[in-house]
Amino acid sequence: LETFVGHQVLRIKTRNEEQLKQLRFLETLEHLQLDFWLNPSAPALPVDVRIPASSLQAVKVFLESQAIEYSILIEDLQVVLDREQQDMVASQQ
Amino acid sequence: VERSRSTFNYGTYHSLDAIYQELDNLAAEYSDIVSKLQIGESYEGRPLYVLRFSTGGENRPAIWLDAGIHSREWVTQASAVWIARQIASDYGSDPSVTSLLNKMDIFLLPVSNPDGYVYTHTMNRMWRKTRSKNPGSLCVGVDPNRNWDAGFGGPGASSSPCSDSYHGPSANSEVEVKSVVDFIKNHGNVLAFLTLHSYSQLLMYPYGYKCTPPADDAELNALGNAAASAIQSLYGTTYQVGSICSTIYQASGGSIDWSYDYGIKYSFAFELRDTGRYGFLLPAAQIIPTAKETWLGLKKIMEHVRDNLY
């Protein structure tokens with residue numbers, strides 16, 4: 001089972017079309033292995049993206065350099081997954 | 001041997017086998033109105049099961065409802081099973097469901113992408129696509145909601161097999177999609193096509209492959225807003241209503257665009273909760289609240305279809 005230790009999910013808020021364009025550019029960078037849960041669509045709508053631990057620093061630096069606002073939606077994805085797994089096991093028992 | 005009442009826990013997530021077992025339980029427990037049909041097999045050979053809710057009659061007008069086409073959206077499969085029991089148990093006690101089923105059939109596909117669902121349980125919880133092999137690529141799977149014959153291969157779908165929104169080699173290339181298309185075409189009297197996704201609380205109608213409003217824009221918008229109000233009435237969950245293109249972004253090859261262009265006027269896609277902090281990992285404690293509020297929205301649409309046969 002693939003693990004997601006250190007993966008974070010960021011919620012990104014864009015202010016204008018230019019910032020959206022920057023996020024769409026980020027989407028094209030395959031080596032970052034980003035998983036967009038909510039894709040960049042309109043400035044009013046948030047963008048949620050899962051970022052592997054290895055790409056976190058690069059993405060955050062990029063966002064900060066473009067003055068794009070973000071917050072951490074999920075601090076460590078694996079912690080949430082472990083909790084989900086425990087719930088399932090407990091329920092089966 | 002008399003079957004005992006199901007002990008299925010609707011407030012937790014389950015494996016595919018457990019869900020399929022519960023479909024059998026429902027068909028046995030409510031055998032007068034519920035039957036299980038197999039409409040095809042997935043790429044890896046798993047059955048695609050549909051529950052048929054019917055009080056009899058030949059080829060009655062019908063409502064189609066599916067869940068879990070994106071496998072990681074677990075709350076949709078879980079909600080679908082809860083909704084299945086709700087439909088069955090409401091018949092004869094809830095006047096709305098009773099009158100609906102006296103006039104129409106409901107077909108419910110609780111796990112549209114069983115290979116993907118099993119893969120999320122066994123290999124990668126974040127898997128979204130099918131599990132079909134892509135010749136010439138190491139990457140596996142097609143986004144089954146970019147694979148329908150509706151602006152196939154257009155904006156908002158990727159031509160890269162490694163992308164999570166890969167549209168596939170051709171429309172209906174995914175057997176999971178083709179099975180639904182064939183079933184609906186063979187039936188010939190499906191009047192509503194409803195599909196459950198998660199997350200972000202949206203209720204959308206066509207189009208996604210283009211940004212022009214559908215011919216029934218006003219009616220669909222009014223009905224969508226009525227359904228959203230019904231959803232909100234239970235726990236205050238707010239939904240945004242609109243066409244796919246105006247609500248999120250252009251996305252081609254989607255199921256409700258195909259169904260609408262095929263002639264199924266009442267085509268809607270739900271994006272269920274999360275209300276903001278869990279994404280696709282909605283805690284199991286929220287399954288039943290999600291299913292309950294969704295059911296209210298679905299019922300609102302189903303009642304409208306029942307009262308506006310075309």
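Here, each number is a calculation from the coordinates, and none is a lab measurement. Nothing here was measured: the structure is a model prediction, and the numbers come from that model. All Cβ positions, even for glycine, are placed from backbone atoms using ideal geometry, and neighbour counts span all protein chains on display.
Tabulated values for the structure
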item: In segment B:121-165, the residues that are of a type in the set (Phe, Trp, Tyr) and away from chain A (no Cβ under 13 Å); result: B:TRP148, B:PHE152
item: Residue satisfying condition, being of a type in the set (Lys, Arg), in a loop (DSSP other than H, G, I, E, B) and touching a residue at least 24 places away in the same chain (Cβ under 8 Å), within set B:LYS210, B:LYS292; result: B:LYS210
item: Which numbered condition A:GLN19 misses (of (1) more than 11 Å from the chain's Cα centre (by Cα); (2) of a type outside the set (Asp, Glu); (3) under 21 Å from B:SER163 (Cβ atoms)); result: (3)
item: Of residues in segment B:1-59 being hydroxyl-bearing (Ser, Thr, Tyr) and touching a strand residue (DSSP E or B) at 6+ places or on another chain (Cβ under 6 Å), the one surrounded by the most Cβ atoms within 10 Å (Cβ to Cβ); result: B:TYR49
item: Every residue from segment A:41-52 that is at the interface with chain B (Cβ under 8 Å from one of its Cβ atoms), assigned to a loop (DSSP other than H, G, I, E, B) and under 16 Å from A:SER71 (Cα atoms); result: A:LEU45
item: Index of the failed condition, A:TYR70 passing every other in (1) away from chain B (no Cβ under 13 Å); (2) in a loop (DSSP other than H, G, I, E, B); (3) touching a residue at least 60 places away in the same chain (Cβ under 8 Å); result: (2)
item: Among (1) within 14 Å of the chain's Cα centre (by Cα); (2) within 12 Å of chain B (Cβ to nearest Cβ); (3) surrounded by 13 or more Cβ atoms within 10 Å (Cβ to Cβ) - the single one A:LEU63 does not satisfy; result: (2)
item: Set A:LEU29, A:LEU38: member being at the interface with another protein chain (Cβ under 10 Å from one of its Cβ atoms) and free of Cβ contacts under 8 Å to residues at least 12 places away in the same chain; result: A:LEU38
item: Residue within segment B:169-189 that is part of a loop (DSSP other than H, G, I, E, B) and within 14 Å of another protein chain (Cβ to nearest Cβ) present; result: no
item: The lone exception for A:GLN19 - which of (1) crowded, with 17+ Cβ neighbours inside 10 Å; (2) within 13 Å of chain B (Cβ to nearest Cβ) it fails; result: (2)
